[in-house]
Structure formats: C-alpha cells, structure tokens
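The structure appears right after this line, and notes come after that.
Just so it is clear, none of the values below were taken in a lab; they were calculated from the coordinates. If you're wondering where the values come from, they're calculated on a predicted model, not measured in any experiment. With ideal geometry, Cβ positions are generated from the backbone for all residues, glycine too; neighbour counts draw on all protein chains shown.
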Amino acid sequence: MVVLTLVTTVGLWWAFRDDRPPASGLPDTAAAADAAHKHNDAPAASDYINILDVPPGTQNPPAGPNASTGSYRHDCGRNENGFYNPDNFIVVPGKQSGAHHMHDYLGNQSVDWRTTDQSLAASTATSCRLADQSSYFWPVLRDITKVGADSEQVGGGKDGNIGRILPLADVRMEFLGNAQSKVVAMPRFLRLWKGNAKAITSNLQYALAQWTCAGFKDRFTMKYPLCPDGAVQRVIEFPSCWNGKDLNSNDTRSHTAYPDKNGACPAGTRAIPKLVITLTYSAVPPGRAFALDAFPGEHHRPETDHAGFDNVMADDLMALIVDCVNDGRAC
C-alpha cells in the first residue's frame, strides 16, 4: 500500500515498469528498448547493466619519449552548498532555464543564464581552492523513487525530471598530461564541452558517457552501472587538444579535440592539461532506481551525460598545473 501511494502521488511508477518482460516475449534488444522509451520518457531496463557484465577495458596508450606524465589534483569541493540551476551559459547563453534540467555546479558560485566570462572574473565566491573562479558543471543524478524538493519547479518535475537529487559523496578533479607531448597552458576563458545532452535524438553523435562503480576502474560503460555496494561513478574527461587560437566555437566543440588512440593530438592542435573529473555517489538506491536529468525526449538515458568548463584560473595557477604535468610530478 505504501508503494501504491507513492506511485499515485508522484507518478514514479515508471521507475519500476521495466521489471516486466518485453512485449510478446521478444528479447530485450535495442529496438525493444527504443519502444519502451516511448512510454512516459523513462529509462528502460536495457539502460542498466551489472558492472560484473562489463568487460575490462584497454589500458591508456604507452607514454612516448616526449610525454607529459605528471598530474595536478585540484579541490573544488563536492557542491556542499547545493548549488543547482537549469541554465547553461555555454550552450544556450542568455536563455533562462535553457537546459530544461538541473546542473550541479562546482567552482564559481555566480553562474546562471546571464553569465559571461566577465561576470565570472568579477565574482569572488568560489568552492575551489586557490581562488579558482572557473565554472565546472554537469547534470544531476536522481533517486527516482523519491520526491524531489524541486518536483514543482522548472528544471525539476515541471520538465519531467522526477526524483530526489543525489548528493556527491566525492569529487576527484585532476589535470593530466599527454602520452606523446608536453602540454601548453589553457588560455583564460577557454571553454571546454564534453558529451552531448541530446545524444539520443542525434543518434549518439558525440556521446561520450563513461560510467563505472567504485573499485572497478578498468570497466567503463555507456549504460547506468548496477554496483555491488551502490557506489556509482561517472568519469568526465574533457577534450585535451586545442587549436591554439579560439576560446570557443559555435558548436562548443570545433576549437578542441580528443587525442587519437596513440594519445597524440590531431594536426593543427596542441595538447593542454587534460581535465578529468570522477564523480562518486554513495547513496544510490539498489536496482534500476536512478537516472540523469535530461532534455525532454532524451528519455533520461545514460548516454546523454555531458559537462561544461570555463577556465577562469589565474595565470600563475595554470602555470603551476602545466609545470607539474610537464615535469612528471604529482602535485
């Protein structure tokens, strides 16, 4: 009776619907999953995978003679302030609630739809150490069996994002090197974008989601991982090759690129410190009971994971990062 009451009250029945077998007894193929997705815009059973069923991945490319092998560990907290909003100043600047879903923010605490490079630089409030005014953001993850505090708000329930926002248990933020070359400094106000928030309606173009579980760092999947102890992780790896001139581009991507399979940057680009952020959630409910916030029509699928970064570091902090990475030191 308790479950029925919850379902009736907040419309969360779709969190449990995928326990049913596919219609007509057909196997749960991608086509069957797509059909399931058309029902109330919810994630389907095929969007989840037991981490033990994910094969170990390949290792990083071997370091060449000119590799930059160091690392710099940065600390911007884990959004203890509960700073969320449904804006996206990188992709849809000047549009209030343009994301149609909630973002987690670290770093600069002034970010909203009106944000510019100049407003970020003028702000003094940040969650990062060393006065880093950069902005780091990504869509929130929710416990879809609970009622969220924003169930009646834009970006939350009014945009189809149902459930309680899961707090971040840990955030590991690192700047790493390049397997084939030294890195150059990121210029101030360089903007980086990872993934595609509309990956499903664009046939997985630019989909770069990386999910895993704590303790399973060699197993990555585009699906939501079902973890033995509930400690779900998302790995955000930003592009680390830059064209050397543009701070942004119309599509938020063309001024940057990812290294090739050998770790080398494409011709016409140069390596910059690779920003990798690992997000850990320890309060994830068991089973298929969690999902990302997403645009309407994207079905809350895990492939839509995405993130943005605007570099507003002081030049001396960026120089410190470059030196640590190029010198092979762990800082």
Filter result for the condition that a residue is in contact (Cβ under 8 Å) with a residue 24 or more places away in the chain and over 19 Å from K194 (Cβ atoms), over A122, A131: A131
Counted residues, the stretch 89-111 - those being within 18 Å of the chain's Cα centre (by Cα) and either of a type in the set (S, T, Y) or farther than 30 Å from L226 by Cβ (or both): 9
Among the residues listed as A307, A319, the single one being in a strand (DSSP E or B) and not acidic (D, E): A307
Selection status of S254, on the phi < 0 side of the Ramachandran plot, of a type in the set (S, T, Y), more than 15 Å from the chain's Cα centre (by Cα) and surrounded by fewer than 16 Cβ atoms within 10 Å (Cβ to Cβ): yes
Yes/no for V322 being in contact with an Asp or Glu (Cβ under 6 Å, 6 or more places away or on another chain) and under 26 Å from A179 (Cα atoms): no
Selection from the stretch 127-144 of residues that are assigned to a loop (DSSP other than H, G, I, E, B), under 16 Å from H300 (Cα atoms) and in contact with a Gly (Cβ under 7 Å, 6 or more places away or on another chain): I144
Meets criteria (at positive phi and within 15 Å of the chain's Cα centre (by Cα)) for G215: no
Some residue of the stretch 100-110 being polar (S, T, N, Q) and at positive phi: no
Which listed residue, of G163, G107, G177, G156, is over 20 Å from H306 (Cβ atoms), touching a residue at least 24 places away in the same chain (Cβ under 8 Å) and crowded, with 23+ Cβ neighbours inside 10 Å: G177
Counted residues, the stretch 283-304 - those being of a type in the set (S, T, Y) and either assigned to a loop (DSSP other than H, G, I, E, B) or touching a His at 6+ places or on another chain (Cβ under 8 Å) (or both): 0
